[in-house]
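Peer 1: Quick one: the structure is below, questions incoming.
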Amino acid sequence: MQQRESASKGIGGVALRGQSWLPEGAPDGVVVIAHGLAEHSGRYADVAAGLVAEQFAVYAIDHRGHGRSGGARANIDRFAHAVSDFCAFTGHAARQHPGAPVYLLGHSMGGAIAFASALRLQKSLRGLVLSAPALAAAGHTPRLKVALARMLSSLAPNIGAMKLPATAISRDESVVRAYEADPLVFHGSIPARTLVELLDAMQGFPRQASTLQLRTLVLHGTADSLVPVSATRPVYQAMPAQQRTIKYYAGLYHEVFNEPERNVVVGDVLQWLRRPERAA
C-alpha cells in the first residue's frame, strides 16, 4: 500500500491538507472520505487499509479548521465552503484514476458534507456511504440556545457552543483513550459558527434527500447518542427507496468504524461496493 500526502487551497485561500492510500496497480474504484467534526483524516487509516486490500484507492481530506488544514480550530466557516472544498478534492482524486468509479464516504459532520457534495456531483459518482451522518439535530434544541449561538456566530464565531463527549464515540476504551490523546483532534467546545452552519444546512436535508438519485448505503449504530437514529430516520426514509440500503447495528455507538465490530462494518461496505460489479 502506498500512502501519499497532498496540499491544496480551499475557498478563500485556506490551506488544505489531504492524504491517500493506494493499492498496487489500477484500482477497482476510488473512495473519497469526509471525516467528522473535531477529528481528522488520519483516523480513517484502518478503514483505508481494509479498502486498499480489496483494490480500492482511498482519499481523505482534513476539512478547513481540522487536522493539518488551516483555519480556526473546528470552525468550518461556512458549510458551503466545506462542501466546495470537498467537491474539489473529489475531483482531484477522480482525475488520478480516469475511468475508475468514484464513491463518497462521510461520517457525522462529514456525512452531511458528503451528502451535500453528492447532490452536486451525483452524475459523476457511483455511490455514497453515510456513517451516522449529521443530517438532523437530536431532539428539540432550545430556541434561546440557538438564538445565542446565532448571535455568537456573527459576533464571535470561534466561541465554543457545544462539547462532544469522547466516551460517546466508541465502546472500545482504547479508541477513546487514543482519541483523547490525539493532538490533531480538537478537544475544546465546538465553535458557534460551525454549530449554526450545520443546523442551517440540516433544515434542507429532508427535502433534498428525495432528489438524491444515487446508490446510498447508510450505516448507523442504534446506541449512538451524538447523532441518534430517531433524529435521522426521517431523512433516510425520504431517500428514494430503490436507491437506499440502511444497516442499523444493534448497540453500537457513534463511530461504527471504530467499534469492536469494525471488521463487520468494513465488510458490509465492501460487499455493497462490489454489488454492481457482481450484478453486471
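Peer 1: Using the Karplus curve 6.51 cos²θ - 1.76 cosθ + 1.60 with θ = phi - 60°, what ³J(HN,Hα) values do you get for each residue of the range 158-172, in whole Hz, with x for Gly and Pro?
Peer 2: These are the phi-based 3J(HN,Hα) values: 8, 5, x, 10, 7, 10, 9, x, 4, 5, 8, 7, 7, 7, 7 Hz.
Peer 1: Once you charge only the Cβ atoms, +1 for Lys and Arg and -1 for Asp and Glu, what is the size of the charge dipole of the range 208-272 about its Cα centre, to the nearest 20 debye? Please list the in-between numbers first.
Peer 2: Values: 5 positive and 5 negative charges, 56 e Å.
In debye, rounded to 20, the range 208-272 gives about 260.
Peer 1: State the extension gain, in nm to one decimal, for the chain segment bounded by A241 and Q3, taking 0.36 nm per residue of separation less the distance between their alpha-carbons.
Peer 2: Values: separation 238, 0.36 × 238 = 85.68 nm, distance 3.71 nm.
Difference between extended and current length: 82.0 nm.
Peer 1: Name the shape class, rounded, prolate or oblate, that the alpha-carbon gyration tensor gives for the range 39-175, where a ≥ b ≥ c are the square roots of its eigenvalues, rounded holds for a/c under 1.5, and otherwise prolate holds if a/b is larger than b/c and oblate otherwise. All intermediate terms of the calculation are to be shown ahead of the outcome.
Peer 2: Details: a/c = 1.98, a/b = 1.55, b/c = 1.28.
Since a/c reaches 1.5 and a/b is larger than b/c, the shape of the range 39-175 is classed as prolate.
Peer 1: Placing unit charges on C-beta atoms (Lys and Arg positive, Asp and Glu negative, everything else neutral), compute the dipole magnitude of the range 146-273 about its Cα centre in debye, rounded to 20. Numbers along the way, then the final one.
Peer 2: Details: 11 positive and 11 negative charges, 95 e Å.
Rounded to the nearest 20 debye, it is 460 debye.
Peer 1: What is the range 170-209 by shape, rounded, prolate or oblate, if you read a ≥ b ≥ c off the alpha carbon gyration tensor as root eigenvalues and call it rounded for a/c under 1.5, prolate for a/b larger than b/c, and oblate otherwise? Before the final figure, lay out the partial values.
Peer 2: Details: a/c = 4.48, a/b = 1.93, b/c = 2.32.
Cα axes put the range 170-209 in the oblate bin.
Peer 1: Which order do E173, E259 fall in if you start with the one that has the fewest other Cβ atoms within 10 Å? Provide the component values of the computation, followed by the final result.
Peer 2: Values: E173 9, E259 22.
Placing the least packed residue first, the sequence is E173, E259.
Peer 1: Compute the Cα gyration tensor for the range 2-279, then decide on rounded, prolate or oblate, letting a ≥ b ≥ c be the square roots of its eigenvalues: rounded whenever a/c is under 1.5, prolate when a/b is larger than b/c in the other cases, and oblate in all that remain.
Peer 2: Verdict is rounded for the range 2-279.
Peer 1: Using the charge dipole of the range 141-263 (Lys, Arg: +1 at Cβ; Asp, Glu: -1 at Cβ; taken about the Cα centre), state which of A166, V176, M151 has its Cα farthest towards the positive end.
Peer 2: Final value for the positive-end residue is M151.
Peer 1: Roughly how many debye, to the nearest 20, is the charge dipole of the chain about its Cα centre, given +1 on each Lys and Arg Cβ, -1 on each Asp and Glu Cβ, and no other charges?
Peer 2: Details: 28 positive and 21 negative charges, 182 e Å.
My answer is approximately 880 debye.
Peer 1: How would Y248, Y103, Y253, Y236 line up from fewest to most surrounding beta-carbon atoms within 10 angstrom? Intermediate results must be reported in sequence, preceding the final value.
Peer 2: Values: Y248 15, Y103 27, Y253 23, Y236 20.
Exposure proxy ranking, most exposed first: Y248, Y236, Y253, Y103.
Peer 1: While we're looking at this one, here's another question. Fewest to most neighbouring Cβ within 10 Å: what's the order for M202, M1, M239?
Peer 2: Values: M202 18, M1 12, M239 24.
Ordered from fewest to most neighbouring Cβ atoms within 10 Å, M202, M1, M239 come out as M1, M202, M239.
Read-outs throughout are calculated quantities, based only on the coordinates presented, and are distinct from any laboratory measurement. What you see is a predicted model; the values in this text were computed from it and never measured. Because the Cβ atoms are built from the backbone with ideal geometry, glycine has one as well, and the counts that use them run over all protein chains shown.
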